[in-house]
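Step one of this worksheet: look at the structure below.
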């Protein structure tokens with residue numbers, strides 16, 4: 001078992017290194033053959049090359065966060081930097097929320113929005129310590145949102161009990177990060193039968209589409225429309241105190257893009273646990289025109305999201321529109337071509 | 001009297017010309033009358049963008065196809081489900097589950113005039129809303145309220161939520177004693193009937209269905225204070241009870257969606273169940289692919305959009321299949337006068353007059369969603 005874990009770790013490390021050093025042009029698939037991948041290659045590549053490295057990165061960020069708070073650095077630059085790194089690593093991981101992120105309901109555990117400050121104050125009074133005590137604290141009083149408030153807002157309490165609670169919240173997030181990383185390792189080690197592979201393949205594609213929709217609706221459309229409803233000009237921030245909405249959008253988008261579009265020079269060989277982006281998978285099935293359309297729409301969305309970094313309503317809605325087009329293609333053409341039924345689909349009834 | 005009739009005819013011709021544009025106006029040289037029905041609806045355009053608003057369906061006694069056109073449109077961020085006309089001419093629309101928004105809009109006014117309400121992070125809309133009015137019983141918060149079916153994201157529990165119809169703000173929440181609540185019906189005695197669809201899902205994975213072997217669908221009757229008056233289930237746990245319509249004789253028809261693993265079981269499943277206030281029982285098994293969308297009551301019984309079978313299916317009050325009217329992707333249904341009805345399925349639509357005359361048409365680039373309702377209803 002230990003040997004197998006080491007193998008998983010090695011493959012994950014190789015996948016992460018490969019992904020990190022991919023700076024050259026896209027695959028010249030017209031001249032170089034793309035291997036014939038199966039769903040198993042796609043699933044294995046995603047878990048080892050996409051999910052696990054991001055879970056590890058989140059875990060490492062959580063370790064740094066706990067360390068900064070254990071050292072009494074509340075409200076210091078160090079603690080705030082550690083929080084930001086944790087939030088962005090979480091955004092990158094949860095952009096395509098699969099496997100343990102869904103079954104453990106990790107988003108609810110660590111990133112419930114909006115935080116309810118009255119509940120945070122009540123939780124501080126309760127002085128919870130340890131896993132069991134933190135399990136009894138409601139989602140709206142802990143997680144990244146609660147820490148954001150405690151670390152950034154001048155009027156938030158700074159007394160000893162508040163600092164102790166902030167440290168417990170960070171430890172709680174870290175426990176979740178540990179559990180998620182372990183679960184992804186277990187997922188990579190597990191021998192899957194055909195049925196399980198097909199289910200995992202469908203889940204990844206569905207959750208990729210769901211990730212596009214989350215980014216489009218909750219992080220681009222809703223902040224603009226909700227602000228308009230309230231008579232405000234500026235989009236309503238999801239992170240009101242740190243203002244990292246644009247950075248989070250970027251982290252999410254980069255993860256979604258990495259899962260969809262191939263950025264390397266040569267298509268990844270089979271059986272090495274390297275991520276097989278959806279575009280590459282389509283090409284391996286001879287679906288080059290569809291892969292080209294996916295690439296074109298993703299590139300268009302990328303440009304619009306870069307422009308939306310100005311955080312202005314018009315550019316945010318334009319980016320949302322481009323994401324909507326990519327989502328529509330994925331639902332209407334990509335998923336049917338890969339014989340995947342889309343749960344998020346706009347095409348089915350109710 | 002003759003003058004009055006001529007005047008009326010002239011008015012109808014003018015309405016037809018306005019409705020159908022130049023092409024139909026020329027055709028109107030032949031003497032005939034065009035009836036125009038306004039419908040609160042949701043639809044997608046050719047680019048896949050989502051809208052709510054008012055559609056107009058014009059039909060006549062001539063051989064010409066009925067015509068569907070957009071009268072008022074408001075773009076919305078995701079697919080809407082129910083769009084409900086309000087007595088003051090406005091409409092209330094709610095997003096399809098798991099929905100993030102609800103809105104109230106006066107058709108014809110600007111987009112910015114729409115009042116939006118976004119879901120709290122631990123709630124999602126389930127696609128249906130009912131207007132409470134002076135004639136609706138069971139309204140503890142007054143006639144200017146609405147009720148919507150929603151889900152508590154923390155545990156998946158169903159909720160019947162009372163909202164202020166003007167601000168759409170929450171006034172109260174009642175548990176529906178089930179998960180996945182979908183349609184809701186106000187009964188004349190002041191109670192409410194809710195269809196708990198029973199299909200497990202998670203907010204983290206949107207509409208992806210969980211383990212359907214754990215399905216528990218029901219209809220629950222809540223009294224005017226939200227207390228459970230009764231709960232009914234079918235023996236076949238894989239039948240999801242989803243949409244409701246009440247017949248004038250008091251029987252409620254429930255549209256079903258089959259969730260069996262086995263394709264043959266799904267195909268042969270009943271499309272309708274009937275509730276008489278005492279019992280809930282399935283209608284006869286029919287080979288209509290186990291999926292019913294919208295349901296409306298007509299004098300003879302119930303009509304259901306058999307979406308996957310591509311027809312509107314007509315059942316009597318005993319749940320026996322009486323007739324099938326072909327219409328590709330049939331789903332949205334609405335009554336027309338005392339006996340007729342209207343149906344839509346994607347870009348296709350049909351009109352059946354009270355005399356039984358059937359006409360169909362196609363609106364290229366206008367895909368009508370699951371439900372529509374006559375304005376003024």
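The values are calculated or read from the model by the stated rules, or taken from the named source; none is laboratory data. Given the structure is predicted, the values throughout are model-derived calculations rather than measurements. Positions of Cβ are generated from backbone atoms using ideal geometry, with glycine treated the same way; all protein chains shown enter the neighbour counts.
On inspection, residue B:314 qualifies as farther than 20 Å from residue B:150 by Cα, more than 14 Å from chain A (Cβ to nearest Cβ) and under 22 Å from the mean Cα position of the chain (by Cα).
Within the set B:119, B:31, the sole residue that is within 14 Å of chain A (Cβ to nearest Cβ) and at pLDDT below 95 turns out to be B:119. When the range A:208-237 is limited to residues that are surrounded by fewer than 17 Cβ atoms within 10 Å (Cβ to Cβ) and within 18 Å of residue A:90 (Cβ to Cβ), the one that is nearest to the other protein chains (Cβ to nearest Cβ) turns out to be A:218. Selection of strands (runs of 3 or more DSSP E) fully inside the range B:47-96 by the criterion of at least 2 residues being over 17 Å from residue B:336 (Cα atoms) and more than 14 Å from the chain's Cα centre (by Cα) returns B:50-60, B:67-76.
Pairs linking a residue in the range B:36-47 that is free of Cβ contacts under 8 Å to residues at least 40 places away in the same chain to a residue that is outside any strand (DSSP E or B), with Cβ atoms under 8 Å and 6 or more positions apart or on different chains, are B:36/B:15; B:36/B:16; B:36/B:19. Checked against the criterion of being without any contact (Cβ under 8 Å) to a residue 40 or more places away in the chain and either within 14 Å of another protein chain (Cβ to nearest Cβ) or outside any helix (DSSP H, G or I) (or both), the range A:162-178 contains not a single residue that satisfies it.
Report, by residue number, each residue of the range B:52-77 that is closer than 20 Å to residue A:223 by Cα and crowded, with 19+ Cβ neighbours inside 10 Å.
Result: B:74, B:76, B:77.
Counting the residues of the range B:267-286 that are out of contact with any helix residue (DSSP H, G or I) (no Cβ under 6 Å at 6 or more places or on another chain) and either surrounded by fewer than 18 Cβ atoms within 10 Å (Cβ to Cβ) or touching a residue at least 60 places away in the same chain (Cβ under 8 Å) (or both) gives 9. Scanning the range A:204-239 for residues that are assigned to a loop (DSSP other than H, G, I, E, B) and in contact (Cβ under 8 Å) with a residue 24 or more places away in the chain yields A:233, A:234, A:235, A:238, A:239.
Every residue, every condition in (1) within 14 Å of chain A (Cβ to nearest Cβ); (2) modelled with pLDDT of 90 or more; (3) touching a helix residue (DSSP H, G or I) at 6+ places or on another chain (Cβ under 8 Å); (4) not in a loop (DSSP other than H, G, I, E, B), yes or no:
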{"residue": "B:127", "(1), (2), (3), (4)": "yes, yes, no, yes"}
{"residue": "B:171", "(1), (2), (3), (4)": "no, yes, no, yes"}
{"residue": "B:175", "(1), (2), (3), (4)": "no, yes, no, yes"}
{"residue": "B:199", "(1), (2), (3), (4)": "yes, yes, yes, no"}
{"residue": "B:209", "(1), (2), (3), (4)": "yes, no, no, no"}
{"residue": "B:219", "(1), (2), (3), (4)": "no, yes, no, yes"}
{"residue": "B:224", "(1), (2), (3), (4)": "no, no, no, no"}
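Filtering the range A:332-350 down to residues that are in a helix (DSSP H, G or I) and within 12 Å of chain B (Cβ to nearest Cβ), which residue is modelled with the highest pLDDT? Within the range A:332-350, the match that is modelled with the highest pLDDT is A:333. Given the options B:86, B:105, B:101, name the one that is more than 14 Å from chain A (Cβ to nearest Cβ), farther than 18 Å from residue B:57 by Cβ and in contact (Cβ under 8 Å) with a residue 24 or more places away in the chain. Going through B:86, B:105, B:101 in turn, just one is more than 14 Å from chain A (Cβ to nearest Cβ), farther than 18 Å from residue B:57 by Cβ and in contact (Cβ under 8 Å) with a residue 24 or more places away in the chain: B:86. Here residue B:230 qualifies as more than 17 Å from residue B:147 (Cα to Cα) and surrounded by fewer than 19 Cβ atoms within 10 Å (Cβ to Cβ).
Annotation: of all residues in the range A:85-105 being farther than 17 Å from residue A:47 by Cα and part of a helix (DSSP H, G or I), the one that is farthest from the other protein chains (Cβ to nearest Cβ) is A:85. Against the conditions (1) at pLDDT 90 or above; (2) more than 12 Å from chain A (Cβ to nearest Cβ), residue B:155 satisfies every one except (2). Annotation: of all residues in the range A:68-84 being surrounded by fewer than 18 Cβ atoms within 10 Å (Cβ to Cβ) and either at pLDDT 95 or above or out of contact with any helix residue (DSSP H, G or I) (no Cβ under 9 Å at 6 or more places or on another chain) (or both), the one that is farthest from residue A:182 (Cα to Cα) is A:77.
Would you call residue B:359 at pLDDT 95 or above and either surrounded by fewer than 20 Cβ atoms within 10 Å (Cβ to Cβ) or more than 14 Å from chain A (Cβ to nearest Cβ) (or both)? No, not satisfied. Criterion applied to A:240, A:313, A:269, A:277 was being away from chain B (no Cβ under 13 Å) and more than 22 Å from residue A:90 (Cα to Cα), and the one residue passing it is A:269.
Only residues that are touching a helix residue (DSSP H, G or I) at 6+ places or on another chain (Cβ under 7 Å), closer than 21 Å to residue A:259 by Cα and within 12 Å of chain B (Cβ to nearest Cβ) were counted across the range A:316-329, and they come to 7.
Summed over the range B:240-255, the residues that are under 17 Å from residue B:321 (Cα atoms) and within 13 Å of another protein chain (Cβ to nearest Cβ) give a count of 1. I'd like to know if the range B:105-114 contains one or more residues that are modelled with pLDDT of 95 or more and assigned to a strand (DSSP E or B). So far as the range B:105-114 goes, yes, one or more of its residues are modelled with pLDDT of 95 or more and assigned to a strand (DSSP E or B).
Could you say whether any residue in the range A:180-203 is more than 14 Å from chain B (Cβ to nearest Cβ), over 30 Å from residue A:48 (Cα atoms) and part of a helix (DSSP H, G or I)? Among the residues of the range A:180-203, not one is more than 14 Å from chain B (Cβ to nearest Cβ), over 30 Å from residue A:48 (Cα atoms) and part of a helix (DSSP H, G or I), which makes the answer no.
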